[in-house]
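The numbers here are math on the coordinates, done by the rules we state, and not lab data. Owing to the predicted nature of the structure, the values given are computational and were not obtained by experimental measurement. Note that each Cβ is placed from the backbone with ideal geometry, even for glycine, and that neighbours are counted across all protein chains shown.
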Amino acid sequence: MLRIPCPYCGTRDQDEFKFGGESHIARPAQPEQASDAEWAQYLFYRTNPKGIHYERWLHSFGCRRWFNLARDTVTHEIVEAYPMGSQPQSGPIQTEGHGDD
Amino acid sequence: MTDSRNNSARLPDGGQIDRSRPLRFTFNGTSYAGFEGDTLASALLANGVKVIGRSFKYHRPRGIFTAGEEEPCALVETGVGDARVPTCRAPVVPLEDGLVANSQNCWPSVNFDLGRLVDLTHGLWPAGFYNKTFKWPSWHTWEGLIRKSAGLGRPLTGPDPDYYEQVNAYCDLLVCGGGPAGLLAALAAGRAGLRVILAEQADSFGGVLNWEDVDLDQAPAPTWVAGVAEELGQLHNVLLLPRTTVTGIYDHLVTSMLQTGHGTAWRECFWTVRPRHILLTTGAIEQGLIFPGNDRPGIMLAGAARQYLNRYAVRVGEQVIVSTNNDSAYQTVFDLARRGIKVSTVIDVRRNVSESLRNRLSELGVYLLPAARISGTRGGKGITAVTIEDLDGHDLGRRECDLLAVSGGWAPRVHLLAHARGSLRFDDASQSFLPDRLPAGISVAGSANGTTGLDQCLAEAAEHAIRICETLGGPVDPPQLPKVTRSVVEADLVAPMQIDSSQPRQWIDLAHDVTFGDAELAVREGYVSVEHFKRYTTTGMSVDQGKTGNLNAFIVLGALTGREPGEVGTTTFRPPYTPVTLGAIAGRNTGEFYAPRQYLPAHTSHQKLNARFEDYGWQRPDCYPQDGESDHEAILREVRSVRNQVGVFDNSPIGKLEVRGPDAAEFLNRVYINNVLSLKTGHCRYGLMLNENGVIIDDGVFIRLGDDHFLLNTTSAGVARIHSMLEEWLQCEWPHLQVVVDDVTTQWANFTVAGPAARQVVETLDPSMDISAQALPHMACAIGTVAGLDTRLVRVSFSGELSFEINVPARMAASFFETILEAGKPFDIAPYGVEALMVLRTEKGYLHVGSDTDGSSTPDDVGWGRVARNKTTDYIGKRSLFRLANQDLDRKQLVGLEPLDRQQALRPGGHLLIGENREPPAETDGWITSACFSPTLERSIALGVLKGGREKTGEILTVCDGAQRFSVKVVSPVFYDPSNMKLRE
C-alpha cells in the first residue's frame, strides 16, 4: 500500500485515493479535426515507462482534489507531488493541449 | 490414568513450564497431561507421542521436526465444530486446558492409514504426475476422486464464530523480532525517546535466550531478558507486542502484523503499521539434511531438540544420534549430556572437526564419524536405527537410536527483507543467502544478517540502533552491552552437504513430500529455472513455505544443473510470512457491517404498507403485496392502478446534482449529447452522457432552474460516479470554467404521483404554483410550495402516464408521503414499487441504462443517433461516434419483441437468431435485455438489442434461452401510447 503525499492534506494511505492514469495527456483542441489515429493516440496510447511515471491521482476520501505524482514504476518511490495543471520540477517539460477557451 | 499419558517423557525439573499449573488436552481422542507454558508439540513429546500426522502425498508417518513456525510435519487440526482450525503447526499451538487436537490427512487413523498405499506404489506418483495421467476417458471421470484425496486439512463449512480486530499504528522504529538483538535495539531506541514497536511472534521475549545455555553478566540469560522487558514495559514510548508475527512489508515500509489474542474477546488482531524505519532482528531458521529416509518420526532439528530439552524439560530421546554439517549441533550433544541423556554418535559431513569439539566429545564418550553421512534410516512409526557410509559410499555400519538430531546449517530469516525488495547474495562460508542491498529505511542485525556469535549480534544491534536514532531523532547514549560470560557453540564452519545422487527417496521438502528423485525429474524435463522448478515439484509451496528445506533444495538444483547456488537464486518471497486468517483481514466488516444499509427517509411508512424491500444500494420497495397477494399479483395490480387511476412512487434515491456558475450551461453542453444552451429556465430535457469512447454512461433528465443554475437527475446508483466524472473534467481539463457541482441527493425526497388522476391529487395538496396543462406542460418545472413544504415540482414521466415528481426536503419525507396517500384516497391511489415501475417503463420502451445498454452502446444504438449527430459543438465522446465501427449498419440496435405465444414468458439474456426455427451453433444476432408480462396489453413483452434491428420490424426471430426455443416478432419498442397522448394531458 502506497503512502501518498496529497499536496493539500499531507501523506495519507493509498486507500483514500483513486488512480487516474497517465498525466499530461493532451485532449485534441479540435476533436472533429483529429484523425482516427490522433484520436486513438489520445484515448489509448500511453507511455508505460520503466521508471518515473507522471500520473494523476484523486484524493477521493479526503479533499476530493486531483493532483499529479511523479512515481517510479519499479520502486514505487514517489519523487514529487504537484498540482493538476502544472509541470513537474523533476522531469522534462511536457507539452499540453488546452481543452477550454 | 496410566503413566504413559502423564508426562512420561518429562524431565523432573527445569524448563520454563509452570509445573504448578497442570493442564489436560486431548489428541486423537486420548487424554494427556501437560503444563502451562507447553506448546501442543512439547506436551505431545513429553507424553511420548511419536506419530503426529501423515505426509501430504505418500501418507508416511510423521513426527515433530522443529520447535517453531517452520514446522513441516506436525500438522494437526485443533478445536471442534465451527471453531475447528485445520493445518495448525503443533509447535506454535499454545497448550490450553481442554485443547482438542486431531491428526489430519489420514484414514481411518494416524497409526493405520489406508493412504499409505500411495507410498507403496510411489513410482506411479512422481512430481507432476497429474499432468500426464488421468486423461482417459476424460479427466472429469477422475476429478471427484482426486479432489477428495488431495489436500491436507478439512475446510470449515460454517461461518467463523470468532471475531477479529484491526489496528492502524504509526511509529518511528518497528523492531521485528524480540530476541537478544531486537531487545537491545529497542532498549536503545526507547531510551532515546523514539516511538518504538517491538513485535515478537512467541508469547514472551528473549528468542533463543529462552533455551540456549547462555550466561549474560554471570547470570542465566533469562534474567537479563526479564530486566530489559521490564524497562521497556515502563517506557511510554515503547509498545511491546508479544504473540505478534510481522507478516509482510509492503510499499513505503507499510507493514502488516498478526497478533494472537490471549484471554481476549477477539481471536486475532490485524495490524497495519506505518513506521519511519524498520529493524529486522528476525534470527535464522535451522535447515534439515538430505539423506535417504530423512522424514521419519524421531528425526528433529538439533536446535529444536535443545529447545524441547531446555525450555520445555522434555526427554527428547533415550538413544540419540546427531548428524550435521556445522558446529552448532554439537551444543545438542553437550546439553543432552548435562541432562543425563546419552548421545552415542555424531555423524559429521566434514573431514576436519575442531580440536576443542573433538576433545569434548571424547570426554563424554561420544563417538565421532567425520567425512560421513547417513545412507538410510529404519523404523516405521519412529526411528530405530540409521545406516552410515563415508562420502565415497562405503558402508560404515548401522547404529540404533530413537532420536536423530540433524543440522544442515542456518538460513537467516530474510523473508521480510525480500518483501521490501531487498536483495540477497549467497555466502559460501555460511552456505546461506544473506542480505545484500537494503532498501531505504530498513536495517538488519544479528543472525538475520548472517552474524555469528552472540556478542557480535548484540554489538551489531546496538550499532544499528544508534545509527537509526541519529537519523530519526537525535543523539543517543550507546546502550551497555551485557557480557557473554558463557556461550554455546555457534554455527561456524558450515560445509556443503554431500548427497548420494543415486538415491531418489531423499526428501527435499517434507511438507509437500518432494524427493530428490522429483528434483532430478524436473531437471530432466527442463524445469531448471528456480521458479519453474518450484512449481513443477511444488517444493516450498506448502503451509511451511519451505522454511526448513528451500535453501537446500535450491543448492540441490544448482548441483544438478552445474550452477552455483548464487546463480540459481531463490524463489520470490511473498507475504504473509505465516498464514493469516481471512477473518483477521476482514476485521469487523462482516455481516451487517459489510456495507452500510441505506434506508429511504420514508422507510417506516413503506414498512407500514407491507412493502417487500430489495437492495438497490438503497433498501427500496419492490412491491406492496396486500391481503395475501403474491408479489406477481401485487405488481400487476400496481401497474393497473397507475394506468387507470393514480399511483405514488418513492423516487428519493434518484441522483440529484446541482450545477451552478456563470459557465454552468457551457459546461453541461460539453457533457450531454443534447443541446443544453437552448433549454429555457423552468424546463427540462432528457439527456444522455457518454464517455470519450462514445459509450452511454448515464441517462437522466436535466432541469434548468436559472441562467446559472441546473439540477441534474442521474441513475440512483450512479450519482457518485457521475459527480466524480464531472469533477474530473472540471479540475483536470477545464479548470477555467466557473462551475461548482454539489450532490444534493439526500437533501431532497422525491415522490412521483402518476396516472390519469395525478393532477387532481396534486391539486388537493395545495400547490402554490399553477399546475394546469398550459402553465406546467410535460418537461417543465416550477418552484414553490406543496402542502406548505418547499418544493421543486417537475413534470417528467418514467411510467408514460401524466406524472408529477414532487421534491421536498428529505426530513419531511415520511409525513409528506402520508399526506399524499391521504389526499389520494378518493382517487384510489396505490403506492407502487420498483417492479411495477420497470413494467411501466418497459411498456413505454424507456431505456434502463445498464440493462438495455452495456459497455458498447452508443446513442444511435438506442435510437438517439440524430440528436447526437445534429449537435454541432463538441461534447465528451462525440468524436468517437464518427469512428468506422460506430457507423456499422449491423450494430445491435434497440428493438421491441413480442412472443408469438402471448403468454410465453421471456427472460433477459435469451439470445436472438434471425429467422424461424434457427439452431445454434451460430453467431448470436442479439439478446433480450428487459422482459415482463404487460397487464396493460395482456401479453408478454420484451426489449432487446438486434443486429440492424431498426430495419427488421416485423421479422420473426428464434429465441434461444438455455435449452428452450420460441419465436418472437420484432416490433417498435414503444408498446404503449406511441404518440405520447398521455404525456400531453
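The packing ranking of peptides B:107-118, A:61-72, highest mean first, is A:61-72, B:107-118, where packing means the average number of other beta carbon atoms within 10 angstrom of each residue. The amide H of B:Leu11, built 1.01 Å from its N in the peptide plane, has B:Val314, B:Arg315 as neighbours under 5 Å, considering only residues 5 or more places off or on other chains. Candidate cross-link partners of B:Lys825 among the lysines, defined by an alpha-carbon separation under 24 Å and a same-chain spacing of 8 or more, comprise B:Lys608, B:Lys982. Relative contact order of chain B, taken over Cα pairs closer than 8 Å and 6 or more residues apart, is 9 percent.
When the helices in the protein assembly as shown are scored as -39500 (n - 2.57) per DSSP H run of 4 or longer and the sum is shared across all residues, what 222 nm value do you end up with, to the nearest 500 deg cm²/dmol?
-5500 deg cm²/dmol
Rounded to whole numbers, the Karplus 3J(HN,Hα) couplings from phi for segment B:321-335 are 10, 10, 10, 7, 10, 8, 6, 4, 5, 5, 4, 4, 4, 5, 5 Hz, using 6.51 cos²θ - 1.76 cosθ + 1.60 with θ = phi - 60°, and x at Gly and Pro. For B:Glu36, nonlocal amide neighbours, meaning residues 5 or more places apart or on other chains whose placed amide H falls under 5 Å from its own, are B:Asp18, B:Arg21, B:Leu23. Tally Lys/Arg at +1 and Asp/Glu at -1 over every other residue whose Cβ is under 13 Å from the Cβ of B:Ser857; what's the total? Value of the local net charge: -4. Each Lys or Arg adds one and each Asp or Glu subtracts one; over the other residues with Cβ under 15 Å from the Cβ of B:Val762, this totals -3. For peptide B:726-732, the mean count of partner chain Cβ atoms within 10 Å of a residue's Cβ comes to 5.
Close amide H contacts of B:Ile285 (hydrogens built in the peptide plane, cut-off under 5 Å, sequence separation of 5 or more or a different chain): B:Ala411, B:Arg413. In angstrom, the C-alpha Rg and Dmax of segment B:517-665 are 31.8, 89.
Pairs exceeding a 28 Å alpha-carbon distance, out of B:Lys148/B:Lys381; B:Lys680/B:Lys892; A:Lys50/B:Lys878; B:Lys57/B:Lys381; A:Lys18/B:Lys534; A:Lys50/B:Lys547: B:Lys680/B:Lys892; A:Lys50/B:Lys878; A:Lys18/B:Lys534; A:Lys50/B:Lys547.
Would you mind computing the Rg to Rh ratio of the protein assembly as shown from its alpha-carbon coordinates, Kirkwood style for Rh? Please report the intermediate quantities before stating the final value.
On the way: Rg = 37.4 Å, Rh = 34.9 Å.
My calculation puts Rg/Rh at 1.07.
Model label sites at B:Gln626 and B:Ser8, defined 7 Å from Cα along the beta-carbon direction, differ in position by 8.0 nm. At full extension, A:Tyr8 and A:Ser60 could sit 17.5 nm farther apart than now, given 0.36 nm per residue minus the alpha carbon distance.
In terms of the Cα gyration tensor, with a ≥ b ≥ c the square roots of its eigenvalues, is segment B:863-949 rounded because a/c is under 1.5, prolate because a/b exceeds b/c, or oblate?
Since a/c reaches 1.5 but b/c is at least a/b, the shape of segment B:863-949 is classed as oblate.
Taking the Cα centre of chain B as origin and assigning +1 to Lys and Arg Cβ atoms and -1 to Asp and Glu Cβ atoms, the resulting dipole is close to 1300 debye.
Per-residue mean of other chain beta-carbon atoms within 10 angstrom of the beta-carbon, peptide B:689-698?
The shielding value for this peptide is 1.
Cβ-to-Cβ counts within 10 Å put B:Thr384, A:Thr47, B:Thr247 in ascending order as A:Thr47, B:Thr384, B:Thr247, the fewest first.
Working note: Karplus 6.51/-1.76/1.60 with θ = phi - 60° gives segment B:93-107 the couplings 8, x, 6, 10, 5, x, 4, 10, 9, 9, 5, 10, 6, 8, 7 Hz, where Gly and Pro are set to x. The rule of thumb for compact globular proteins, 2.2 N^0.38 Å, goes into the C-alpha radius of gyration of segment B:262-411 1.25 times.
Footprinting exposure proxy ranking of B:His512, B:His911, B:His778, fewest other C-beta atoms within 10 angstrom first, gives B:His778, B:His911, B:His512. Over all other residues within a Cβ to Cβ distance under 13 Å of B:Pro439, the charged ones net out to -2, with Lys and Arg as +1 and Asp and Glu as -1.
Residues in segment B:765-777 carry Karplus couplings, in order, of 8, 6, x, 7, 9, 7, 10, 5, 4, 6, 6, 10, x Hz; the curve used is 6.51 cos²θ - 1.76 cosθ + 1.60 with θ = phi - 60°, and Gly or Pro positions show x.
When peptides B:187-194, B:760-767 are ranked by their average number of other Cβ atoms within 10 Å per residue, the highest-first order is B:187-194, B:760-767. Computed from the alpha carbon positions, the gyration tensor of segment B:1-107 leads to an equivalent ellipsoid with semi-axes of 22, 15, 13 Å, biggest first.
Relative intensity of segment B:507-597 on a log10 scale, I(q)/I(0) at q = 0.10, 0.17, 0.21 Å⁻¹, equals -0.36, -0.68, -0.94, per a Debye sum over C-alpha point scatterers of equal strength in the absence of solvent. For segment B:675-792, the convex hull drawn through the C-alpha positions has a volume of 133 cubic angstrom per residue.
For segment B:383-435, the relative contact order comes to 25 percent (Cα pairs under 8 Å, sequence separation of at least 6).
Tell me, what is the percent relative contact order of segment B:135-276, built from C-alpha pairs under 8 Å that lie six or more residues apart? So the answer I get is 27 percent.
Provide the percentage of antiparallel DSSP beta bridges, counting only those with both residues in chain B; round to the nearest 5. Taking every DSSP beta bridge within chain B, about 75 percent pair in antiparallel fashion. Take each residue in B:875-885, count the other chain C-beta atoms within 10 Å of its C-beta, and the mean is 3. Please grab the % of Cα pairs in chain B that end up more than 53 Å from each other. Tail of P(r) above 53 Å: 42 percent of Cα pairs.
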